[in-house]
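S.K.: Got a structure for you, questions after.
The values are calculated or read from the model by the stated rules, or taken from the named source; none is laboratory data. On a predicted model such as this, the values are computed, not experimentally measured, just so you know. Note: areas computed on protein heavy atoms with side chains; ligands, DNA, RNA excluded. Shrake-Rupley method; radii C 1.70, N 1.55, O 1.52, S 1.80 Å.
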Amino acid sequence: MKRLGLIAAMSKEIELLKGLMSGFEQKQSGAAKFYVGKLDNKELIIVESGIGKVCAACAGVELIKNFSPDYIINTGAAGSISPKFKVMDAIVCERSAYYDVYCGEEEGRVQGFPLYYDGDKTLLSYAQKIGLKKGFIASGDRFVTKQAEAENILRIHHQAEAVDMESAALAQVCYMYQVPFLSVRIISDEVGIENHQAQYDNFWQTAGEQSFVVVKKLLEQIR
């Protein structure tokens, strides 16, 4: 039986994701709260990480140490900085990187680690089978709202298409622990547009479970 770890940052996301399971058991390890159950013939472990890179990394480590998952998938919201992705689109993270790291050499690179973290090829192939669009997510500890901020991110990573606060941190953890990883995000807002905040707020009011149906479809592909 495949064991799949699913990480989301916020309680709003967790409540949606818990609906993927017919029933679950709740467990705690450190600051991490886990919901363990089954989806079809797979064991599913859902954990709420909290917002930002440190929270995501801690949740990832606790998940790996306590459950030894075969795969880890991160889900949640991301802001678009590319016309390719609109609100409610799904973006599958083919590549992630930091936009707020500088160790004195190359912007975006943690010294001793890769500049970019690629999504797991097997998980990406499953995503392609259900027609999800691949993209580049840049991560940092900042809610990006202004066009000038997006332009600075694109200066560092000119191929970036969306921004979030966790994907690259989890990708680095999985790189360190050699666990296959993929981030799948729903676009909640388009950075720099006039009604940006209202767009983000409306996303959470109207998204519902249908916005996360892509995650269920992806999980169903995994054998």
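S.K.: Would you count, across region 76-223, every pair of lysines whose alpha carbons are under 15 angstrom apart, provided the pair is eight or more residues apart or spans two chains?
M.R.: Eligible lysine pairs with Cα atoms under 15 Å apart amount to 10.
S.K.: Summing -39500 (n - 2.57) over the DSSP H runs of n ≥ 4 in the chain and dividing by its residue number, what mean residue ellipticity at 222 nm do you reach, to the nearest 500 deg cm²/dmol? Display every interim value, and only then the final one.
M.R.: On the way: 7 runs with 73 residues, N = 223.
Taking each H run of at least 4 residues, the total per residue is -9500 deg cm²/dmol.
S.K.: On to the next question. Report for the chain the percent antiparallel among DSSP-assigned beta bridges with both residues inside it, nearest 5.
M.R.: Working: 20 of 49 bridges.
Bridges in the chain are about 40 percent antiparallel.
S.K.: Let me check against my output: what whole-number percent is the relative contact order of region 67-168, with C-alpha pairs under 8 Å and at least 6 apart?
M.R.: Values: 153 pairs, mean separation 35.9, N = 102.
Result for region 67-168 is 35 percent.
S.K.: So, one more: Among the aspartates and glutamates, which have Cα under 18 Å from the Cα of Lys18 when same-chain residues fewer than 8 positions away are ignored?
M.R.: Partners within reach: Asp40, Glu43, Glu48, Glu209, Glu220.
S.K.: Quick check: convex hull over the Cα atoms of region 55-122, volume per residue in Å³, rounded to an integer?
M.R.: 140 Å³
S.K.: Which whole-number percent of Cα pairs in region 85-168 have a distance greater than 16 Å?
M.R.: Values: 1870 of 3486 pairs.
Result for the distance tail: 54 percent.
S.K.: Moving on to the next point. Need the full-extension length gain, Ile193 to Ser22, defined as separation in residues times 0.36 nm minus the C-alpha distance. One decimal, nm. Don't skip to the answer; put the middle values down first.
M.R.: On the way: separation 171, 0.36 × 171 = 61.56 nm, distance 3.95 nm.
Value of the extension gain: 57.6 nm.
S.K.: Compute the projected area of the convex hull of the Cα atoms of region 1-99, averaged over all viewing directions, and report it in nm² to one decimal place. Numbers along the way, then the final one.
M.R.: Details: hull surface 28.4 nm².
If you wrap the Cα atoms of region 1-99 in a convex hull and average its projections, you get 7.1 nm².
S.K.: Find how much the distance from Thr122 to Val110 grows on full extension, using 0.36 nm per residue of separation minus their present alpha carbon separation; answer in nm with one decimal.
M.R.: Taking Thr122 through Val110 to full extension adds about 1.7 nm, to one decimal.
S.K.: At 0.36 nm per residue, minus the direct Cα-Cα distance, what do Asn202 and Ala148 gain on full extension? Give it in nm, one decimal, please.
M.R.: Working: separation 54, 0.36 × 54 = 19.44 nm, distance 2.32 nm.
17.1 nm is the gain from fully extending Asn202 to Ala148.
S.K.: How large is Rg/Rh for region 136-176, to two decimals, with Cα atoms and a Kirkwood Rh? Intermediate results must be reported in sequence, preceding the final value.
M.R.: Values: Rg = 10.7 Å, Rh = 10.7 Å.
Using Cα coordinates only, the ratio equals 1.00.
S.K.: Of the heavy-atom accessible surface of the chain (probe 1.4 angstrom), what whole percent is carbon and sulfur?
M.R.: Numbers: 4770 of 10100 Å².
Whole-percent figure for carbon plus sulfur exposure: 47.
S.K.: Taking all pairs of distinct Cα atoms, average 1/r, flip it, and tell me the Kirkwood hydrodynamic radius of region 122-221 in Å to one decimal place.
M.R.: 15.1 Å
S.K.: Another question, then. Where the centroid of each part is defined by its Cα atoms, how far is region 21-49 from region 110-158 in Å?
M.R.: 26 Å
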